[in-house]
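The values are calculated or read from the model by the stated rules, or taken from the named source; none is laboratory data. Owing to the predicted nature of the structure, the values given are computational and were not obtained by experimental measurement. Using ideal geometry, Cβ is built from the backbone for each residue, glycine included, and neighbour counts are taken over all protein chains shown.
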């Protein structure tokens, strides 16, 4: 199991949410602040099976087309999950 941590700007969050949930990914969406100008961002926590990680990354990339300026649209981390439990 892996945890994908995705940080995007507010204006990209709704499109990402819809794209991931339509493919049956369960996400947790957290409003956060960061960056040089303390701009509003959204942090997604996406827990998924190892074999579905690449599909999630494809969905994210597809819905975040590059900006003409070359500015990056997202920061993401994929980290292993040692244990998962719902209580």
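For residue 87, indicate whether it is loosely packed, with under 10 Cβ neighbours inside 10 Å and in a strand (DSSP E or B). So residue 87 does not fit the description; no.
Determine which member of the set 42, 78 is closer than 23 Å to residue 10 by Cα, surrounded by 10 or more Cβ atoms within 10 Å (Cβ to Cβ) and in contact (Cβ under 8 Å) with a residue 60 or more places away in the chain. When all the criteria are applied, what remains is 78. Taking the range 59-75 as the search range and keeping residues that are surrounded by 12 or more Cβ atoms within 10 Å (Cβ to Cβ) and either modelled with pLDDT under 95 or out of contact with any strand residue (DSSP E or B) (no Cβ under 7 Å at 6 or more places or on another chain) (or both), which one is nearest to residue 3 (Cα to Cα)? Per the stated criteria, the residue is 75.
Answer with yes or no whether residue 52 is surrounded by 11 or more Cβ atoms within 10 Å (Cβ to Cβ), part of a helix (DSSP H, G or I) and over 11 Å from the mean Cα position of the chain (by Cα). Yes. Which condition from (1) modelled with pLDDT under 95; (2) in contact with a helix residue (DSSP H, G or I) (Cβ under 7 Å, 6 or more places away or on another chain); (3) more than 14 Å from residue 74 (Cα to Cα) is the one that residue 27 breaks? Exception for residue 27: condition (1).
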